[in-house]
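Presented below is the structure to which this report refers.
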Amino acid sequence: VCPMCRSNEFATFLNKQTERAIKSLRVFCSNKDKGCEWQGEINNKLVHSCQFDYVKCTNYCGKMLRRRYLEYHIKSNCPRRKVECKYCYITGEIQLIEGQHKEKCPKMPLPCPNNCNAQDLLREDIANHRKACPCEGICCTNQCGKTVQRHNLSCHIQNECPHRKVDCQYCHITGEHQYIEHLHKGICPKFPLPCSNQCDIGKICREDMETHRSECALEIIRCEYHSIGCEDKIPRRDQEKHEKEKVKHHLFLTKCELTHTKDELHEQAVQTATLLSKLESRIKELENQLEQKAGMLEDMMFKHVFQWSNTLESNYNSMCRLRLGGSNVSA
């Protein structure tokens, strides 16, 4: 609407002189109160890149900041700024280089994971280094199940491994250390042992122990008259003394044993006589039965022979009659 005539229809035209006058006016930046000192013609304001304007990071990290700080942000603070790995020289975003890549960079220097004296090993060389590292834990070659450092393996196999081969110091048999020290010692025939009777002979081989005990003066033995009733148990060295002190007792036991033996013999003789008598009776009974059966058998045999003879004679007579009858017919 025209401010003068209030008409809606009117013609307009661009006044170049007025436009030039307006554009030549000097103005200040809209960020003057924030510190921008720029001033100039309005015509130049449109191309003025004010350092106090807020702009987005050109790396698309999403942060808004003043243009004056953009370059520093892109170079130093932007999480998506491009940096170069100082070890392998690969280029990428800083959050990737400092994060995932740093954990995998093959050229990154690292100390030995076994804390040996090797330092600044490249990550890609650590696997080969561990194959020879003196502090690397390896399994015992004797398969005892223990893991030891490589430089201690030889000492472990020779002095500590329970599966190492050792010789028994007594019988010189070879076996695993744990067997020789724990099981074999309990059965080694040459292992020295003190006498179980604590005699003064000292230590003797296990295999000689039974022989020694059969002769040891302190071995507890039974009295020689044990079989007839003496229940005393005495050291072997006191056997003769015991026999002298117990003469009457031993004689009494001997007399009792003889009496008991005599009674047993008499009882056995009576039992034997009774048994013989029964056997004789049985023998006679069997002889009588045998005679009876023999007579019966003889009678039966005679009867059968007689019947057989009669049968033969009858058959013979029949054959003769048949022959005579045949001769008459032919005549």
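The values are calculated or read from the model by the stated rules, or taken from the named source; none is laboratory data. Given the structure is predicted, the values throughout are model-derived calculations rather than measurements. Neighbour counts are summed over all protein chains in view; Cβ atoms, including those assigned to glycine, are modelled from backbone coordinates with ideal geometry. Surface accessibility is based on the protein's heavy atoms, side chains included, excluding ligands, DNA and RNA. Shrake-Rupley method; radii C 1.70, N 1.55, O 1.52, S 1.80 Å.
Loop-only chymotrypsin sites (Phe, Trp or Tyr not before Pro) in the stretch 68-160, please: DSSP not H, G, I, E or B, and at most 11 other Cβ atoms within 10 Å.
Taking the stretch 68-160 and a limit of 11 other Cβ atoms within 10 Å, the loop chymotrypsin sites (Phe, Trp or Tyr not before Pro) found are 89.
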### Query
In whole angstrom, how far apart do the alpha carbon centroids of the stretch 232-260 and the stretch 14-58 sit?
143 Å
### Query
Applying the Karplus parametrisation 6.51 cos²θ - 1.76 cosθ + 1.60 with θ = phi - 60° to the phi angles of the stretch 153-169, what ³J(HN,Hα) value in whole Hz is obtained for each residue in order, glycine and proline being reported as x?
4, 4, 5, 5, 5, 7, 10, 10, 4, x, 9, 5, 7, 9, 9, 5, 6
### Query
In whole Hz, what ³J(HN,Hα) sequence does the stretch 78-86 give by Karplus (6.51, -1.76, 1.60; θ = phi - 60°), x for Gly and Pro?
4, x, 10, 5, 7, 9, 10, 5, 6
### Accessible surface of the chain [probe 1.4 Å, protein heavy atoms]: carbon and sulfur percent
54 percent
### Query
If you take the beta carbon distance between residue 80 and residue 37 as r and set R0 to 25 Å, what does 1/(1 + (r/R0)^6) give as a FRET efficiency, to the nearest 0.05?
0.20
### For the stretch 138-252, with +1 on Lys and Arg beta carbons and -1 on Asp and Glu, the positive-most of 153, 166, 216 along the dipole
153
### Task
Measure off 7 Å from each Cα along the Cα-to-Cβ vector at residue 2 and residue 124, then give the distance between these two points in nanometres to one decimal.
8.4 nm
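Could you give the length gained on full extension between residue 64 and residue 181, defined as 0.36 nm per residue of separation minus the Cα-Cα distance, in nm? Numbers along the way, then the final one.
Details: separation 117, 0.36 × 117 = 42.12 nm, distance 7.88 nm.
Full extension from residue 64 to residue 181 adds 34.2 nm.
Could you tell me the convex hull volume per residue, in Å³, taken over the Cα atoms of the stretch 188-252? Show your work: numbers first, answer last.
Details: hull volume 5.3 nm³, N = 65.
Given the Cα convex hull of the stretch 188-252, per-residue volume reads 81 Å³.
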### Task
Compare the peptides 277-285, 221-229 by average per-residue count of other Cβ atoms within 10 angstrom and give them in order, highest first.
221-229, 277-285
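Can you pull out the GluC sites (Glu not before Pro) in the stretch 13-105 that DSSP calls coil and that have at most 10 other Cβ atoms within 10 Å? The partial results should precede the final answer.
Numbers: sites: 19, 37, 41, 71, 84, 93, 98, 103; in loops: 37.
Passing sites in the stretch 13-105 are 37.
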### Message
Can you compute the modelled spin-label distance between residue 264 and residue 169, with each label point 7 Å from Cα toward Cβ, in nm?
### Response
5.6 nm
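Compute, for the chain, the length of the dipole vector about the Cα centre, with Cβ point charges of +1 (Lys, Arg) and -1 (Asp, Glu) only. Units Debye, rounded to 20.
On the way: 50 positive and 43 negative charges, 873 e Å.
Dipole of the chain, to the nearest 20 debye: 4200 debye.
As an exercise, identify the trypsin sites (Lys or Arg not before Pro) in the stretch 74-156 lying in DSSP coil whose Cβ has no more than 12 other Cβ atoms within 10 Å.
Those that pass, being in a loop and sparsely packed, are 86, 131.
Per 0.36 nm of contour for each residue apart, how much would the distance between residue 193 and residue 110 grow if the chain were fully extended, relative to their Cα-Cα spacing? Please report the intermediate quantities before stating the final value.
Values: separation 83, 0.36 × 83 = 29.88 nm, distance 6.01 nm.
Going from the current span to full extension adds 23.9 nm.
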### Query
Using a 1.4 Å probe, what is the accessible area per residue for the stretch 46-99, in Å²?
73 Å²
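Give me the extension gain from residue 44 to residue 227: residue separation times 0.36 nm, minus the current Cα-Cα distance, reported in nm with one decimal.
Details: separation 183, 0.36 × 183 = 65.88 nm, distance 14.19 nm.
Here the segment from residue 44 to residue 227 would lengthen by 51.7 nm.
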### Query
Okay, helix-only estimate at 222 nm for the chain: each DSSP H run of n ≥ 4 adds -39500 (n - 2.57), divide by all residues, round to 500 deg cm²/dmol; what do you get?
-12500 deg cm²/dmol
### Query
Ordered by residue, what ³J(HN,Hα) values in Hz, to whole numbers, does the stretch 237-244 give under the Karplus form 6.51 cos²θ - 1.76 cosθ + 1.60, where θ = phi - 60° and Gly and Pro are x?
5, 9, 5, 5, 5, 4, 5, 5
